[in-house]
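The values are calculated or read from the model by the stated rules, or taken from the named source; none is laboratory data. What you see is a predicted model, and the numbers here were worked out from it, not measured in a lab. Counting neighbours? That spans all protein chains shown, and the Cβs are built from the backbone with ideal geometry, glycine included. What goes into the accessible areas is simple: the full protein's heavy atoms, side chains included, and nothing from ligands, DNA or RNA. Shrake-Rupley method; radii C 1.70, N 1.55, O 1.52, S 1.80 Å.
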Amino acid sequence: MSEQPILSVRDLKVDFGSHRKPFHAVRGVSFDVFRGETFGLVGESGSGKTTIGRAIIRIYEAAGGEILFRGQRISGRISKDLDREVTRKIQMIFQDPMASLNERAKVDYIVAEGLYNTDRRLTQEQRRQKVEQALLDVGLLPEFASRFPHEFSGGQRQRIGIARALIMQPEFIVADEPISALDVSIRAQVLNLMAELQKERGLTYLFISHDLSVMRFICDRIAVIHKGLLMELADTETLFRHPLHPYTQALLSAVPMPSPDLRQDEPPVLYDESMHDYSVHLPVWCEIEPGHFVRGSEPELEAYRKIIAEG
Amino acid sequence: MEEKTPILSVRNLNVKFSLRGKVLHAIRDVSLDLYKGETLAIVGESGSGKSVLTKTFMGLLDQNGWIDSGSILFQGKDLAKYKTEKEWLTIRGGEIAMVLQDPMTSLNPLKTIGAQIREALMLHRSMNKSQAYQRTIELLNDVGIPDPVRRIRQYPHEFSGGMRQRVVIAIALACNPQILICDEPTTALDVTIQAQILHLIRDLVKKYALTTVYITHDLGVVANVADRVAVMYAGDIVEIGTSREVFYDARHPYTWALLSSLPQLGHRGEKLFSIQGTPPNLYAEIKGDAFAPRNPHALKIDFERRPPLFQVSPTHWARTWLLHPDAPSLDPPEVLQRLRQEEWQ
């Protein structure tokens, strides 16, 4: 990991709805992602995790705060050149390979679509070669280029989705629940492929998911998001072994373990926001130990520090 | 599993579908006993036939599907012989009820949830309106919906996903069924809600003395709910045993592969185990062991003859030639030992 973050999100806010009655989907989120790492963003539906991913690739506009990519601001108004640069360097992999591929286009076009839009000088032949190479890179045969998406299984379709991102030679990939819609045996294949590509090309991933058990395997660091706010951020092992925030604890206790002897017979731990008393002390986002951030009020942070000191 | 009386017995069941002029063999000669009071989980990938199998118990096969041969014995009757809707109505809901994956599609958006629960009560248990009202309130209490008197007049869209699934469970329980089939009941829900619903179902199973069939592809869920586990592959049950037997002492190479590819067993930086190839084409006749082409340890006989179910223990069977006395001994993949370790807290 280099010192300079490849992507910085600073106090990001995203609103939906009308200006008069906005809904705050993301309410001030800050984090850094370093080159070559896999950064996990975990939360339940409606937490704003996907919204952050989409704000990064400029599908949604930021209502406040900023996003820096390689030190340059990429949120809000930016120049055309920078916009094209960002579209190239930041790519996305979507959740459902059944829904995210154009049913009426051949694989050839689906994979090359980004090239048509950003690099018009390419000849037909160069483009074809690039598509072939991208398909080979994700473990598909070049012959598949002339087929339609419905001819493929779920795992193969997700590979096409990955090829489509790779052909742009991105540096940063936002993977929004890339394996949630896949079968157990196919998940492993796609995860392996993503890990391999990361090693070969030094890719950086923002991995968005609701499934903590998968994230433990592939993420270097994980941020926990709840209702548009980050609750806790730490490297994966710290987060799993010493979760501080009650929401992180609730989330971890809810993950079913694939081992009958570890069965949980007690009712699951629930997280209730009203357990926090923020009437006197307002909560802040605080680095409580190096690399470990947590949200809490001053008395809560004090309690967390005690827990850390006791080990 | 205190009592060992089968409440439902499936024998040599074959189910076929006709699709675009071709015949698809979806369930291939499956036999299964469901014991009173137990929770059986059926796991398998999509297309393995786990949903189709349970749909035959309720006469819910799609129009292009039929039971080709075999029997389903339930309360002395053979459900495989049922033809008319009238016959099925004596079973459906009243004796065997189902909870489906997506609560939004199993509820009627135009009716209040009170009306939908009442419907089942008045139809199946011939209650009058006020009795049905009382019972509806009780049911909503049982499934943990707060303030039922107000909620009863609300429509499905006013409920959250988890609450909707609770309503669906209340409808399923309304007629005191013998068997409850849960088809991926928590797949569409968040993990914290999933944990609550699983806990709720476990409580209700005790309270209503239900026999439950759980269909899922999530092995984490299986480990948390099931007494027994059946593993399905290509329309066939390849292994069945108690939960501990299947997780800690699996015998079929497919079960090994399925367990090994769990991301939970992986270590960061290492390659995850993954099953090569794709599931077999069920349009074509399958010769031998259906998993053989994807099995790196496949024996020659695996490609030629279908293995019988070998008994491992009084409760554990697996359909693999590896259990034949003449087969070479093969140890399960080492990674499976991580299942026992308590390294994930």
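Details
- Calculated FRET value between residue B:129 and residue B:209, using beta carbons and R₀ = 35 Å, to 0.05: 0.80
- Beyond 17 Å, the tail of the calculated P(r) for the range B:1-97 holds 52 percent of the Cα pairs.
- Length gained when the stretch residue B:267-residue B:29 is fully extended (0.36 nm per residue, less Cα-Cα span): 81.8 nm
- Cβ-derived FRET efficiency at R0 30 Å, residue A:289 paired with residue A:249, nearest 0.05: 0.95
- Dipole magnitude for chain B: computed about the Cα centre from +1 point charges on Lys and Arg Cβ and -1 point charges on Asp and Glu Cβ, it is near 1020 debye.
- Of A:292, A:276, A:24, the one that fluctuates the most in a GNM where chain A has Cα springs shorter than 10 Å: A:276
- Average projected area [Cα convex hull, the range A:5-241], square nanometres: 13.2 nm²
- Inter-centroid distance (Cα atoms) of the range B:207-222 relative to the range B:48-117, Å: 17 Å
- For the protein assembly as shown, the equivalent ellipsoid built from the Cα gyration tensor has semi-axes of 42, 33, 25 Å, listed from largest to smallest.
- Nearest-20 debye value, the range B:280-345 charge dipole, Cβ charges on Lys, Arg, Asp, Glu: 220 debye
- Of all beta bridges that DSSP places with both ends in chain B, some 60 percent have antiparallel geometry.
- Surface/4 of the Cα convex hull for chain B, nm²: 19.5 nm²
- Positive dipole terminus of the protein assembly as shown, leading residue within B:258, A:173, B:91 (C-beta point charges): B:91
- For the pair residue A:66 and residue B:278, a Förster radius of 45 Å applied to the C-beta separation gives a FRET efficiency near 0.50, rounded to the nearest 0.05.
- Gaussian network model of chain B, springs between alpha carbon atoms under 10 Å - residue of B:322, B:299, B:282 with greatest fluctuation: B:299
- Most mobile listed residue (A:115, A:82, A:193) in chain A, GNM with C-alpha springs under 10 Å: A:82
- When the listed pairs B:36/B:129; A:49/B:271; B:16/B:86; A:199/B:300; B:81/B:287; A:21/A:306 are checked against a 30 Å cut-off, the alpha-carbon distance exceeds it for B:36/B:129; A:199/B:300; A:21/A:306.
- Rg/Rh, computed from the Cα trace of the range A:1-104 with Rh as the Kirkwood radius, has the value 0.98.
- The modelled label-to-label distance for the pair residue A:242/residue B:340, using points 7 Å beyond Cα in the direction of Cβ, is 3.1 nm.
- Value of Rg to Rh for the range A:243-311, rounded to two decimals, is 1.05; Kirkwood radius and Rg both from alpha-carbon coordinates.
- For the peptide B:193-204, the mean number of other protein chain Cβ atoms found within 10 angstrom of a residue's Cβ is 3.
- Charge dipole (debye, nearest 20) of the protein assembly as shown; +1 at Cβ of Lys and Arg, -1 at Cβ of Asp and Glu: 2060 debye
- Accessible heavy-atom area order of A:286, A:219, highest first, probe of 1.4 Å: A:286, A:219
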